[in-house]
1. Hey, among the residues in region 122-144 that are of a type in the set (S, T, N, Q) and without any contact (Cβ under 8 Å) to a residue 24 or more places away in the chain, which one's nearest to Leu56 (Cα to Cα)?
2. Just need a number here: residues in region 51-107 that are surrounded by 15 or more Cβ atoms within 10 Å (Cβ to Cβ), in a strand (DSSP E or B) and charged (D, E, K, R).
3. When you scan region 118-127, how many residues do you find that are exposed (fewer than 14 other Cβ atoms within 10 Å of the Cβ) and of a type in the set (A, V, I, L, M)?
4. Those residues that are surrounded by fewer than 13 Cβ atoms within 10 Å (Cβ to Cβ) and either touching a helix residue (DSSP H, G or I) at 6+ places or on another chain (Cβ under 7 Å) or at pLDDT below 95 (or both), I need them from region 6-30; list them, please.
5. Is it true that Thr97 is touching a helix residue (DSSP H, G or I) at 6+ places or on another chain (Cβ under 9 Å), of a type outside the set (A, V, I, L, M, F, W, C) and farther than 24 Å from Arg124 by Cα?
6. Pull out all pairs, ordered by first then second residue, where Cβ-Cβ is under 6 Å, the residues are six or more apart or on different chains, the first lies in region 81-105 and is closer than 30 Å to Val135 by Cα, and the second is of a type in the set (Gly, Ala, Ser) and at pLDDT 95 or above.
Amino acid sequence: MSANSRLTIAAHALAWIGLYQRQGHEVATSEQIATSANTNPVVIRRLLGELRRAGLVESRRGVGAGWSLARELESMTLLDVYEAVEPGPLFAMHRATPDPECVVGHGIQPAMQSIYEGIEETVRHELARVTLANVLQDVLATPR
């Protein structure tokens, strides 16, 4: 099972746009952000589209096209970003219903569901504590 990097790349994009705007630029292009994240601009555009639907970024078309923050980094949490780019639960149940005649098959989903709900609640609480301003501050404090 591979880890999902959508939250990390979305946070990267928002921190990058925030820093770029603090340096006096109005908008950032998906190509600029993609270079920093070392990914394809299409990946960035898709994530930014989800962030736009969540009200975290705005886009401008035509001359001077690009992306800008819709809110200050201080008012965005990692939970806001997570909810924008991760539409489903953190963990999932079986794709096919387990055998209800089997003692394990009958009880595994209710047992795991309560565990997963507790984990999800903890993750959401922790993500809500961290703003994108905190993330950018930590990024800038990291020695090169």
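The values are calculated or read from the model by the stated rules, or taken from the named source; none is laboratory data. From a predicted model like this one, the values you see are computed outputs, not experimental measurements. Cβ sites come from the backbone with ideal geometry, for glycine too, and all protein chains shown count toward neighbours.
1. Here the answer is Asn134.
2. 1
3. 1
4. Matches in region 6-30: Glu26 only.
5. Details: touching a helix residue (DSSP H, G or I) at 6+ places or on another chain (Cβ under 9 Å): yes; of a type outside the set (A, V, I, L, M, F, W, C): yes; farther than 24 Å from Arg124 by Cα: yes.
It is true that Thr97 is touching a helix residue (DSSP H, G or I) at 6+ places or on another chain (Cβ under 9 Å), of a type outside the set (A, V, I, L, M, F, W, C) and farther than 24 Å from Arg124 by Cα.
6. The qualifying pairs are Val81/Ala10; Val81/Ala11; Ala84/Ala54; Val85/Ala10.
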